[in-house]
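Here is the structure we will look at, set down as C-alpha coordinates.
The values are calculated or read from the model by the stated rules, or taken from the named source; none is laboratory data. Every value quoted in this text rests on a predicted model; they were computed, and no experiment measured them. Positions of Cβ are generated from backbone atoms using ideal geometry, with glycine treated the same way; all protein chains shown enter the neighbour counts. Side chains included, ligands, DNA and RNA excluded: accessible areas come from the protein's heavy atoms. Shrake-Rupley method; radii C 1.70, N 1.55, O 1.52, S 1.80 Å.
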Amino acid sequence: MVLRGLSLGASAVILGGCAGSVLSGARFDASELSANPTLIVATTRKPVNGARARPWFGPERASAMIVAHAKLTPPAEGRLSLAAVGLDDWRIAAIEPVPRVDDLLGDLTSGRDVLIYVHGFNQTFEMAALDAARLSDGIIFRGETMVFSWPSKAKLFDYAYDRESAMWSRDALEQVLNGLMASPISGRIHIVAHSIGTMLTMEALRQVYARDGEMVADRIGAVVFASPDIDMDGFSSSVERIGPLASKITVIAATNDRALRSPGRMH
(Lines give C-alpha, C1' and ligand atoms only; values in the text may rest on other atoms or scores of the structure.)
Protein backbone atom coordinates (compact mmCIF):
# COMPACT_ATOMS: atom_id res chain seq x y z
CA MET A 1 0.00 0.00 0.00
CA VAL A 2 2.84 2.40 0.76
CA LEU A 3 4.18 2.29 -2.79
CA ARG A 4 0.87 3.51 -4.16
CA GLY A 5 1.00 6.64 -2.03
CA LEU A 6 4.73 7.18 -1.60
CA SER A 7 6.73 8.70 -4.44
CA LEU A 8 9.55 6.37 -5.48
CA GLY A 9 11.19 9.36 -7.08
CA ALA A 10 11.33 11.21 -3.77
CA SER A 11 12.72 8.16 -2.00
CA ALA A 12 15.35 7.68 -4.68
CA VAL A 13 16.56 11.26 -4.24
CA ILE A 14 16.67 10.93 -0.45
CA LEU A 15 18.47 7.59 -0.55
CA GLY A 16 20.64 8.52 -3.52
CA GLY A 17 24.30 7.82 -2.93
CA CYS A 18 23.45 5.45 -0.09
CA ALA A 19 23.29 2.28 -2.12
CA GLY A 20 26.82 0.97 -1.70
CA SER A 21 29.09 -0.26 -4.45
CA VAL A 22 27.90 -1.27 -7.91
CA LEU A 23 27.09 -4.94 -8.36
CA SER A 24 29.84 -6.90 -10.05
CA GLY A 25 28.65 -8.12 -13.42
CA ALA A 26 25.12 -6.72 -13.00
CA ARG A 27 23.35 -4.08 -15.07
CA PHE A 28 24.20 -0.56 -13.92
CA ASP A 29 20.47 0.08 -13.44
CA ALA A 30 19.76 -3.13 -11.51
CA SER A 31 18.98 -3.32 -7.82
CA GLU A 32 20.72 -5.83 -5.56
CA LEU A 33 17.36 -7.51 -5.01
CA SER A 34 16.78 -8.12 -8.71
CA ALA A 35 20.16 -9.88 -8.98
CA ASN A 36 19.81 -11.76 -5.68
CA PRO A 37 16.07 -11.95 -4.86
CA THR A 38 16.41 -12.70 -1.15
CA LEU A 39 14.79 -10.45 1.43
CA ILE A 40 15.86 -10.40 5.08
CA VAL A 41 12.90 -10.78 7.42
CA ALA A 42 12.61 -9.72 11.06
CA THR A 43 9.12 -10.08 12.50
CA THR A 44 7.24 -10.06 15.78
CA ARG A 45 4.31 -11.88 14.17
CA LYS A 46 3.40 -15.41 15.22
CA PRO A 47 4.20 -17.94 12.47
CA VAL A 48 1.42 -19.79 10.66
CA ASN A 49 2.01 -23.33 9.37
CA GLY A 50 5.50 -23.19 10.80
CA ALA A 51 6.23 -20.27 8.45
CA ARG A 52 6.64 -22.84 5.67
CA ALA A 53 3.55 -22.01 3.63
CA ARG A 54 1.40 -19.00 2.84
CA PRO A 55 0.44 -16.81 4.75
CA TRP A 56 3.68 -17.62 6.66
CA PHE A 57 3.05 -15.12 9.49
CA GLY A 58 -0.29 -14.00 10.87
CA PRO A 59 -1.67 -11.08 12.92
CA GLU A 60 -0.96 -12.53 16.37
CA ARG A 61 2.03 -11.52 18.50
CA ALA A 62 4.93 -13.94 18.75
CA SER A 63 6.64 -14.74 22.05
CA ALA A 64 9.97 -13.63 20.55
CA MET A 65 11.21 -11.97 17.37
CA ILE A 66 11.68 -14.34 14.43
CA VAL A 67 14.27 -13.84 11.69
CA ALA A 68 14.28 -15.48 8.27
CA HIS A 69 15.16 -15.23 4.60
CA ALA A 70 12.34 -14.68 2.13
CA LYS A 71 13.14 -16.16 -1.26
CA LEU A 72 11.44 -14.00 -3.87
CA THR A 73 10.43 -14.39 -7.49
CA PRO A 74 10.96 -11.09 -9.33
CA PRO A 75 8.71 -9.97 -12.16
CA ALA A 76 9.83 -10.94 -15.64
CA GLU A 77 11.90 -8.40 -17.53
CA GLY A 78 11.48 -7.06 -21.03
CA ARG A 79 9.26 -4.71 -22.97
CA LEU A 80 6.83 -7.47 -23.89
CA SER A 81 6.69 -9.08 -20.44
CA LEU A 82 3.56 -9.20 -18.28
CA ALA A 83 5.29 -6.86 -15.80
CA ALA A 84 5.47 -4.19 -18.50
CA VAL A 85 1.66 -4.05 -18.58
CA GLY A 86 1.16 -4.44 -14.85
CA LEU A 87 0.21 -8.13 -14.88
CA ASP A 88 3.30 -9.53 -13.16
CA ASP A 89 4.79 -8.58 -9.81
CA TRP A 90 7.13 -9.69 -7.05
CA ARG A 91 6.09 -12.89 -5.26
CA ILE A 92 7.27 -14.80 -2.19
CA ALA A 93 8.52 -18.24 -3.21
CA ALA A 94 9.57 -19.53 0.23
CA ILE A 95 10.41 -18.49 3.78
CA GLU A 96 13.52 -19.99 5.36
CA PRO A 97 13.70 -19.34 9.15
CA VAL A 98 17.10 -18.59 10.65
CA PRO A 99 17.84 -19.79 14.22
CA ARG A 100 19.45 -16.61 15.56
CA VAL A 101 19.75 -12.94 14.68
CA ASP A 102 23.54 -13.28 14.73
CA ASP A 103 23.33 -16.01 12.06
CA LEU A 104 21.24 -13.73 9.86
CA LEU A 105 23.62 -10.80 10.21
CA GLY A 106 26.52 -13.11 9.44
CA ASP A 107 25.15 -13.54 5.94
CA LEU A 108 25.47 -9.84 5.15
CA THR A 109 27.97 -8.92 2.47
CA SER A 110 30.94 -7.05 3.92
CA GLY A 111 30.53 -3.30 3.89
CA ARG A 112 27.14 -3.25 2.16
CA ASP A 113 24.43 -0.86 3.31
CA VAL A 114 21.12 -2.16 4.65
CA LEU A 115 17.66 -0.79 3.85
CA ILE A 116 14.97 -1.54 6.44
CA TYR A 117 11.30 -1.11 5.53
CA VAL A 118 8.89 -0.77 8.47
CA HIS A 119 5.30 -1.08 7.29
CA GLY A 120 2.23 0.72 8.53
CA PHE A 121 -1.40 0.15 9.47
CA ASN A 122 -3.60 -2.50 7.84
CA GLN A 123 -0.95 -4.73 6.25
CA THR A 124 -0.43 -8.48 6.07
CA PHE A 125 3.06 -9.95 6.24
CA GLU A 126 3.01 -10.66 2.51
CA MET A 127 1.93 -7.12 1.65
CA ALA A 128 4.72 -5.69 3.80
CA ALA A 129 7.40 -7.99 2.36
CA LEU A 130 6.44 -7.28 -1.23
CA ASP A 131 6.26 -3.54 -0.58
CA ALA A 132 9.82 -3.76 0.75
CA ALA A 133 10.87 -5.55 -2.44
CA ARG A 134 9.15 -3.01 -4.70
CA LEU A 135 10.68 -0.13 -2.78
CA SER A 136 14.22 -1.54 -2.91
CA ASP A 137 13.95 -2.45 -6.58
CA GLY A 138 12.24 0.83 -7.48
CA ILE A 139 15.04 2.98 -6.05
CA ILE A 140 17.71 0.58 -7.39
CA PHE A 141 19.14 -0.04 -3.92
CA ARG A 142 22.57 -1.69 -4.08
CA GLY A 143 22.68 -3.26 -0.64
CA GLU A 144 20.78 -5.71 1.55
CA THR A 145 17.04 -5.20 2.06
CA MET A 146 15.11 -6.09 5.21
CA VAL A 147 11.43 -5.93 6.10
CA PHE A 148 10.56 -5.43 9.76
CA SER A 149 7.00 -6.70 10.11
CA TRP A 150 4.98 -6.18 13.29
CA PRO A 151 1.58 -7.84 14.02
CA SER A 152 -1.10 -5.96 12.08
CA LYS A 153 -4.58 -7.47 11.83
CA ALA A 154 -4.80 -6.02 8.31
CA LYS A 155 -8.38 -4.89 8.88
CA LEU A 156 -9.66 -1.36 8.51
CA PHE A 157 -11.39 -1.23 11.91
CA ASP A 158 -8.58 -2.77 13.97
CA TYR A 159 -6.51 0.40 14.18
CA ALA A 160 -6.25 0.28 17.98
CA TYR A 161 -4.81 -3.27 17.90
CA ASP A 162 -2.35 -2.29 15.18
CA ARG A 163 -1.15 0.77 17.07
CA GLU A 164 -0.57 -1.21 20.26
CA SER A 165 1.19 -3.99 18.33
CA ALA A 166 3.51 -1.47 16.70
CA MET A 167 4.50 0.04 20.04
CA TRP A 168 4.89 -3.43 21.54
CA SER A 169 7.43 -4.22 18.80
CA ARG A 170 9.77 -1.30 19.43
CA ASP A 171 12.20 -3.34 21.55
CA ALA A 172 12.52 -5.88 18.74
CA LEU A 173 13.31 -3.17 16.21
CA GLU A 174 15.87 -1.76 18.64
CA GLN A 175 17.40 -5.26 18.83
CA VAL A 176 17.70 -5.33 15.02
CA LEU A 177 19.33 -1.89 14.93
CA ASN A 178 21.73 -2.77 17.75
CA GLY A 179 22.71 -5.99 15.98
CA LEU A 180 23.40 -4.19 12.71
CA MET A 181 25.38 -1.42 14.37
CA ALA A 182 27.47 -3.92 16.31
CA SER A 183 28.24 -5.90 13.17
CA PRO A 184 31.57 -4.99 11.55
CA ILE A 185 30.40 -6.35 8.20
CA SER A 186 27.40 -4.09 7.63
CA GLY A 187 27.55 -0.59 6.23
CA ARG A 188 25.14 2.21 6.97
CA ILE A 189 21.54 1.54 7.93
CA HIS A 190 18.74 3.30 6.03
CA ILE A 191 15.12 3.17 7.17
CA VAL A 192 11.86 3.81 5.34
CA ALA A 193 8.86 3.74 7.68
CA HIS A 194 5.21 4.22 6.76
CA SER A 195 2.14 5.26 8.77
CA ILE A 196 2.22 3.74 12.29
CA GLY A 197 5.62 2.31 11.42
CA THR A 198 7.03 5.83 11.82
CA MET A 199 5.97 5.92 15.48
CA LEU A 200 7.58 2.53 16.07
CA THR A 201 10.76 3.63 14.31
CA MET A 202 11.00 6.87 16.26
CA GLU A 203 10.66 5.00 19.54
CA ALA A 204 13.39 2.53 18.54
CA LEU A 205 15.71 5.37 17.48
CA ARG A 206 15.14 7.08 20.83
CA GLN A 207 16.10 3.90 22.66
CA VAL A 208 19.19 3.32 20.52
CA TYR A 209 20.36 6.91 20.95
CA ALA A 210 19.74 6.82 24.71
CA ARG A 211 22.04 3.81 24.96
CA ASP A 212 24.82 4.59 22.49
CA GLY A 213 24.70 8.37 22.07
CA GLU A 214 26.17 10.19 19.09
CA MET A 215 28.15 7.22 17.81
CA VAL A 216 24.83 6.00 16.39
CA ALA A 217 24.80 8.85 13.89
CA ASP A 218 27.78 7.37 12.01
CA ARG A 219 25.88 4.15 11.26
CA ILE A 220 22.41 5.50 10.51
CA GLY A 221 22.00 6.86 6.99
CA ALA A 222 18.74 8.23 5.57
CA VAL A 223 15.53 7.91 7.59
CA VAL A 224 12.31 8.45 5.61
CA PHE A 225 8.94 8.87 7.34
CA ALA A 226 6.25 8.34 4.70
CA SER A 227 2.79 9.66 5.64
CA PRO A 228 3.69 9.50 9.32
CA ASP A 229 0.99 8.57 11.81
CA ILE A 230 2.55 10.13 14.87
CA ASP A 231 1.38 12.80 17.29
CA MET A 232 3.03 16.14 16.47
CA ASP A 233 3.88 16.93 20.08
CA GLY A 234 5.31 13.45 20.56
CA PHE A 235 7.33 13.80 17.36
CA SER A 236 8.73 17.18 18.45
CA SER A 237 9.67 15.81 21.86
CA SER A 238 11.39 12.78 20.32
CA VAL A 239 13.33 14.91 17.84
CA GLU A 240 14.84 16.80 20.77
CA ARG A 241 16.00 13.51 22.32
CA ILE A 242 17.78 11.88 19.36
CA GLY A 243 20.55 14.42 18.83
CA PRO A 244 22.17 14.34 15.36
CA LEU A 245 19.77 11.59 14.21
CA ALA A 246 17.07 14.26 13.88
CA SER A 247 18.83 15.82 10.88
CA LYS A 248 18.66 12.50 9.03
CA ILE A 249 14.84 12.33 9.05
CA THR A 250 12.88 13.33 5.96
CA VAL A 251 9.08 13.44 6.09
CA ILE A 252 7.04 12.68 2.96
CA ALA A 253 3.32 13.47 3.17
CA ALA A 254 0.68 12.03 0.84
CA THR A 255 -2.81 13.52 0.93
CA ASN A 256 -4.22 10.49 -0.91
CA ASP A 257 -2.87 7.87 1.53
CA ARG A 258 -5.80 5.51 2.05
CA ALA A 259 -4.10 3.77 4.97
CA LEU A 260 -4.39 6.92 7.06
CA ARG A 261 -7.93 8.04 6.25
CA SER A 262 -9.72 5.99 8.90
CA PRO A 263 -7.09 6.57 11.62
CA GLY A 264 -7.34 10.29 10.85
CA ARG A 265 -11.07 10.23 11.48
CA MET A 266 -10.55 8.30 14.72
CA HIS A 267 -8.03 10.85 15.96
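Before moving on, here are some points about what is shown:
- Anchor K46: lysines whose Cα lies under 28 Å away (excluding residues fewer than 8 positions away in-chain): K71, K153, K155
- Sum of side-chain charges, R91 neighbourhood, beta-carbon under 11 Å (Lys, Arg +1; Asp, Glu -1): -1
- Of the GluC sites (Glu not before Pro) in the range 143-249, those whose Cβ has at most 11 other Cβ within 10 Å and which sit in DSSP loop: E240
- HN-Hα J in Hz across the range 139-146 - Karplus 6.51, -1.76, 1.60, θ = phi - 60°, x for Gly and Pro: 9, 6, 6, 9, x, 7, 10, 10
- Judged by the mean number of other Cβ atoms found within 10 Å, the most tightly packed of the peptides 48-57, 126-135 leads the ranking 126-135, 48-57.
- Between amide H atoms placed 1.01 Å from N, distances below 5 Å from R188 occur with D113, V114, all of them 5 or more places distant or on a separate chain.
- Summed over the residues of the range 130-194 and divided among them, the accessible surface reaches 32 Å² per residue at a probe radius of 1.4 Å.
- Surface share of carbon and sulfur [accessible, 1.4 angstrom probe, percent] for the range 119-267: 50
- Size-normalised alpha-carbon gyration radius of the range 117-207, reference 2.2 N^0.38 Å: 1.08
- Under 5 Å, built H, 5+ apart or other chain: amide partners of G58: K46, V48
- Other residues whose C-beta falls under 11 angstrom from the C-beta of T201 contribute a net charge of 0, scoring Lys and Arg +1 and Asp and Glu -1.
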